[in-house]
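We did not get these values from a lab; they are worked out from the coordinates using the rules stated. Because the structure is a prediction, the values reported are computed rather than measured. Here Cβ is always computed from backbone atoms with ideal geometry, including for glycine, and neighbour counts include all displayed protein chains.
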Amino acid sequence: MISTPDFTFTVAASCTKCSACSHVCPSSIIAMTADGPTLPNAKICIKCGHCVAICPVAALDFSWTPLKNQTNIEKPLSITAEEAEQFLRSRRSIRSYRKLEVPTDKLEKILDIAHYAPTGGNSQSISYVVIKSSETIKALSNFTLEWIDALAKTNASFRQYANLSKISKGTGSDMIFRGAPAAIVAVGPRKLPMARDNARFNLAYAELFAPTLGLGTCWAGFFEMSTSEYNKEVYDILGLTEEQMVVGALMVGYPKYHYKRLVDRNPLKFTLL
């Protein structure tokens, strides 16, 4: 056992010295000795828990990722390649929603799964703001439309979107959140370069898990872009500080329609070296 004021690294007598823990350690800081694994230097440990999770006999315990907090995989799930392909290809961006409230516990379950997604250096830097208030969603939508209109005056590539505001006002339709009854806003530290990439992984998990609960999602890209820079009025609505940054957003709700076919894409392009 290695014990310091900061952590405890314990190896039980049942250790088989298979070396798996040292091989999977991202920081390569676990050393194998004749007596088993040891941790000479934990300063660059990213607290990922690989070492505890990989041990086939549960012989390793690390206070930063305690064995007691891990969930045993009793029986690996079995899913065929065909089933996986259909599941992944069936996910589509949903822009038409039923006028039905999404239970908070379902949104929380989606985010609980999302926060297990990989993050750079195990930074786990993403938090979330969940919006169910129609008034708040409308306010954020109006802000985004105003941002698009202003940007379209100086940015030629955005002029094609200037009509979104006219459509919204003319039809009463929400062209930003598409009438979704809920929205999930991903938030990261403004000074962390990988925060936006982390959010991509997290929200991808959310998008893939949502259909298992009967829900559909769509990326709220215009809203995300409009809030990348700090705007006190909007950030106050979201309860965010200037040190934080919106790094992603999803609209969430029960799909009004269900797709019957898997749509093809452009031919696959790849290079084999």
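Placing unit charges on each Cβ (+1 for Lys and Arg, -1 for Asp and Glu) gives segment 1-79 a dipole about its Cα centre, and among 66, 34, 9 the Cα reaching farthest toward its positive end belongs to 66. Mean-square fluctuation check for the chain, GNM, Cα pairs under 10 Å: which of 119, 104, 33 is largest? Looking only at 119, 104, 33, the largest GNM fluctuation is found for 33. Only one of (i) 169; (ii) 208; (iii) 145 was calculated from the structure for volume of the Cα convex hull per residue in Å³, and its label is (ii). Based on C-alpha pairs under 8 angstrom that are at least 6 apart in sequence, the chain has a relative contact order of 20 percent. Dividing the summed helix terms, -39500 (n - 2.57) for each DSSP H run of n ≥ 4, by the number of residues in the chain produces a 222 nm estimate of -9000 deg cm²/dmol to the nearest 500. Structure remark: mean-square fluctuation, Gaussian network model of the chain, C-alpha springs under 10 Å; the largest value among 62, 201, 143 belongs to 62.
Relative to the Cα centre, what is the charge dipole magnitude of the chain, using +1 at the beta carbon of each Lys and Arg, -1 at the beta carbon of each Asp and Glu, and rounding to the nearest 20 debye?
Values: 30 positive and 24 negative charges, 203 e Å.
Here the size comes out at about 980 debye.
Based on Cα contacts under 8 Å between residues 6+ apart, segment 127-204 shows a relative contact order of 40 percent. Picking from 209, 164, 221, whose Cα lies most toward the positive end of the charge dipole for segment 125-237 (charges on Cβ: Lys, Arg +1; Asp, Glu -1)? The one lying farthest along the dipole's positive direction is 164. Summing +1 for each Lys or Arg and -1 for each Asp or Glu among the other residues whose beta-carbon sits under 13 angstrom from that of residue 163 gives +2.
Just to check, using Stokes-Einstein with a Kirkwood Rh over alpha carbon pairs, what's the diffusion coefficient of segment 148-209 at 4 °C and 1.567 mPa s in µm²/s?
Numbers: Rh = 14.4 Å.
After rounding, the answer is 90 µm²/s.
Take every pair of alpha-carbon atoms less than 8 Å apart whose residues are at least six positions apart; their mean separation over the length of segment 2-69 yields a relative contact order of 37 percent.
Using Cβ point charges alone (K and R +1, D and E -1), the dipole size of segment 97-215 about the Cα centre works out to roughly 360 debye. Each part gets one Cα centre, and for segment 124-201 versus segment 203-273 those centres are 10 Å apart. Each of 270, 188, 234 was scored by the projection of its Cα onto the charge dipole of segment 179-273, and the greatest displacement toward the positive side belongs to 270; charges sit on the C-beta of Lys, Arg, Asp and Glu. Taking the Cβ of residue 149 as the center, what net charge do the other residues with Cβ under 14 Å away carry, scoring Lys and Arg +1 and Asp and Glu -1? For residues surrounding residue 149, the net value is +3. Over 22 Å between Cα atoms, which of 109/260; 75/260; 138/232; 47/68; 138/166; 106/256 qualify? In this structure, 109/260; 75/260 exceed 22 Å between Cα atoms.
Cβ distances below 4.7 Å define possible disulfide partners, and in the chain the cysteines left without one are 15, 18, 25, 45, 48, 55, 218.
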